[in-house]
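Engineer: Would you mind keeping the following structure in view while I ask a few things?
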Amino acid sequence: MRPLLISSICLALAPLSHAADGFKAFSFRAIPGGAATAVRPDAVYSEASGFGFEPATAGSADGSANFTSNPKPFLFSVALPEGNYHVDVTFGDAADASVTTVKAECRRLMLENVAVAKGASITRSFTVNIRTPAIAGGDPVKLKPREKDSLHWDNRLTLEFSGARPAVQSLTIAPATNAVTLFLLGDSTVTDQPREPFNSWGQMLTQFFKPGLAVANYAESGESLRSSRGARRLAKVLSVIRPGDVAFIQFGHNDQKEKGEGIGAFTSYKTDLKHYVAELRKRGGQPVPVTSVQRRNFNAEGRIVSNLGDYPEAVRQVAREESVPLIDLHAMSKPLYEALEAHGKDYSKKAFAPGDNTHHNNYGSYQLAKCIVEGIKAAKLDVAKFLVDDFAAFDPAKPDPVDGFKVPTSPVATALKLDGN
């Protein structure tokens with residue numbers, strides 16, 4: 001089952017219609033135009049219709065005759081084959097000003113706080129990836145139980161609309177066959193965390209790219225290089241990656257807990273990481289190792305003390321020895337955490353999920369995603385051309401003010417402890 005959310009929205013009605021080339025258009029007005037499909041307020045998603053609201057997000061009208069406009073988040077899904085898609089969303093409301101944030105699949109931030117004046121409208125675009133566990137010619141990805149109850153690894157695109165007053169007029173979706181894909185392979189600090197208060201830099205990174213690049217997040221909580229490969233996540237990436245695509249690889253947190261003869265940072269871990277690099281290169285992809293993000297571990301002077309052993313240095317060695325770009329998140333997260341802690345003892349906890357010194361909340365993962373963007377720029381990666389034009393240079397030692405952070409939370413939360421630490 002997929003998570004249940006609470007919301008009420010106002011939409012209209014009409015039968016599903018879309019072009020044969022995969023283009024789909026949906027109208028959130030009472031009278032749709034052209035080939036657009038209008039949607040009933042009670043249109044719960046079904047395989048038969050191929051579109052609709054996730055259970056309990058369809059609801060009563062809010063008094064707006066022509067727009068979806070409600071302060072509670074709502075989720076809309078569309079059945080689609082695996083792949084990359086270009087999405088256009090038109091925002092605005094005749095009755096009042098609106099502010100809308102869009103997340104895709106498992107809370108990937110796509111558009112942040114799109115503000116539209118009363119009576120006006122604006123169209124914003126992004127490219128998104130959806131995937132299934134199937135691997136052509138082989139066994140599927142071995143999903144964990146929690147992944148089977150999430151908004152990804154399925155045959156639909158799910159969009160979450162939230163904000164101070166979200167207002168959506170229309171939505172169009174078209175295949176983005178020429179888009180570049182940025183694959184993410186990693187652990188719980190990278191994966192698409194399905195529920196609040198947990199979040200990862202992989203979920204926040206998406207909003208910093210223009211249309212034309214899609215982030216495909218194959219990371220999962222609790223995984224090491226070996227366990228991710230054993231779950232066939234690497235095999236899945238290798239089955240779909242194309243020349244010109246990129247793969248970020250960030251492990252280490254769980255690898256350092258593996259025991260046995262020959263297991264270690266400069267032995268098995270380096271060997272396994274080099275295997276990832278070699279296999280990705282064979283398919284024409286660009287592998288980019290990423291050092292492990294620091295854990296929140298301070299000494300008496302308020303300085304971070306790394307407890308990741310030799311694993312970050314092993315990643316740096318692989319990058320040098322294999323002549324591949326490196327993003328040193330381990331190095332950048334140290335001044336980030338220390339700058340927060342400088343505001344007062346335990347102030348850095350404001351970047352982490354409650355009671356957790358490894359996993360981040362929305363604010364913390366947002367700051368780390370900015371570190372990743374700076375790493376992309378420093379490494380002069382080709383995907384840097386897809387970075388949004390208005391991204392301001394980010395200094396990890398000068399993080400954004402916590403009080404000014406305004407990304408809306410998603411409505412589904414968990415009290416469960418994540419795999420890995």
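Engineer: If the requirement is being aromatic (Phe, Trp, Tyr) and buried (at least 20 other Cβ atoms within 10 Å of the Cβ), which of these qualifies: Tyr337, Tyr347?
Structural biologist: Tyr337
Engineer: Looking at segment 352-371, which of its residues are aliphatic (A, V, I, L, M) and crowded, with 24+ Cβ neighbours inside 10 Å? Explain how you work it out, then say what you get.
Structural biologist: As a first pass, look at segment 352-371 and keep what is aliphatic (A, V, I, L, M): 353, 368-369.
Of everything in segment 352-371, just one residue is aliphatic (A, V, I, L, M) and crowded, with 24+ Cβ neighbours inside 10 Å, namely Leu368.
Engineer: Could you please let me know if Pro15 is at pLDDT below 50, within 23 Å of Glu196 (Cβ to Cβ) and part of a loop (DSSP other than H, G, I, E, B)?
Structural biologist: So Pro15 does not fit the description; no.
Engineer: Shifting gears a bit: Before we move on, is Ala174 touching a residue at least 24 places away in the same chain (Cβ under 8 Å), in contact with a strand residue (DSSP E or B) (Cβ under 6 Å, 6 or more places away or on another chain) and over 30 Å from Pro41 (Cα atoms)?
Structural biologist: In short, no.
Engineer: Determine whether Asp154 is assigned to a loop (DSSP other than H, G, I, E, B), among the charged types (D, E, K, R) and surrounded by 24 or more Cβ atoms within 10 Å (Cβ to Cβ).
Structural biologist: The answer is no for Asp154.
Engineer: Also, I was wondering about something else. Inside segment 286-325, can you point out the residues that are without any contact (Cβ under 8 Å) to a residue 24 or more places away in the chain, among the basic types (Lys, Arg) and assigned to a loop (DSSP other than H, G, I, E, B)?
Structural biologist: If the condition is that a residue be without any contact (Cβ under 8 Å) to a residue 24 or more places away in the chain, among the basic types (Lys, Arg) and assigned to a loop (DSSP other than H, G, I, E, B), then no residue fits.
Engineer: Scan segment 103-124 and give yes if some residue there is among the hydroxyl-bearing types (Ser, Thr, Tyr), surrounded by 23 or more Cβ atoms within 10 Å (Cβ to Cβ) and under 24 Å from Arg165 (Cα atoms), otherwise no.
Structural biologist: No, segment 103-124 contains no residue that is among the hydroxyl-bearing types (Ser, Thr, Tyr), surrounded by 23 or more Cβ atoms within 10 Å (Cβ to Cβ) and under 24 Å from Arg165 (Cα atoms).
Engineer: Filter segment 329-360 down to the residues that are assigned to a helix (DSSP H, G or I) and either in contact with a His (Cβ under 8 Å, 6 or more places away or on another chain) or not assigned by TED's automatic domain parsing to the domain that holds Ala393 (or both) and list them by number.
Structural biologist: Ala351
Engineer: Residues Gly212, Gly186, Gly163, Gly222: which one is more than 19 Å from Arg108 (Cα to Cα) and not polar (S, T, N, Q)?
Structural biologist: Values: Gly212 fails: more than 19 Å from Arg108 (Cα to Cα); Gly186 fails: more than 19 Å from Arg108 (Cα to Cα); Gly163 fails: more than 19 Å from Arg108 (Cα to Cα).
The match here is Gly222.
The values are calculated or read from the model by the stated rules, or taken from the named source; none is laboratory data. These numbers were taken from a predicted model, which means no experiment stands behind them. When we count neighbours, we look across all protein chains shown, and the Cβ atoms used for this are built from the backbone with ideal geometry, even at glycine.
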